[in-house]
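Below is one structure, written out as structure tokens; comments come after it.
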Amino acid sequence: MITAEEIRAKLLEAFPDACIQVVDTTGTFDHFDAVVVDERFRTMSRVRQHQAVYEALGDAFRDRIHALALKTSAP
């Protein structure tokens, strides 16, 4: 089990200057919507942006998050 705030904190470690919003969409602590806006994404493809987020989440993404609707962009 993981909370939206724990996910947000983990993402802020990797993207400290980003604007990050995470919402638990079902209340079951395994389905989330996340928006990550970071300047570093300006030079990355959308696929690479999402990969960077998945890498930042590490084991949490593989073990405790069942679904993640992810939107990434540069400001």
Cβ-Cβ distance below 7 Å, separation of 6 or more or different chains: which pairs start in region 59-71 with a residue that is more than 26 Å from ARG42 (Cα to Cα) and end on one that is among the charged types (D, E, K, R) and surrounded by 11 or more Cβ atoms within 10 Å (Cβ to Cβ)? ARG64/ASP30; ILE65/ASP30; HIS66/ASP30
Filter region 35-63 for residues that are among the hydrophobic types (A, V, I, L, M, F, W, C), in a helix (DSSP H, G or I) and open to solvent by less than 40 Å² (accessible area, probe 1.4 Å) and give the result. PHE41, ALA52, VAL53, ALA56, LEU57, ALA60
I need the full set of residues from region 9-31 which are surrounded by fewer than 17 Cβ atoms within 10 Å (Cβ to Cβ), charged (D, E, K, R) and out of contact with any His (no Cβ under 8 Å at 6 or more places or on another chain), in order please. GLU13, ASP17
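The values are calculated or read from the model by the stated rules, or taken from the named source; none is laboratory data. Computed from a predicted structure; not experimentally measured. Neighbour counts run over all protein chains shown; Cβ positions are idealised from the backbone, glycine included. We work out accessible area using only protein heavy atoms, side chains counted, and drop any ligands, DNA or RNA first. Shrake-Rupley method; radii C 1.70, N 1.55, O 1.52, S 1.80 Å.
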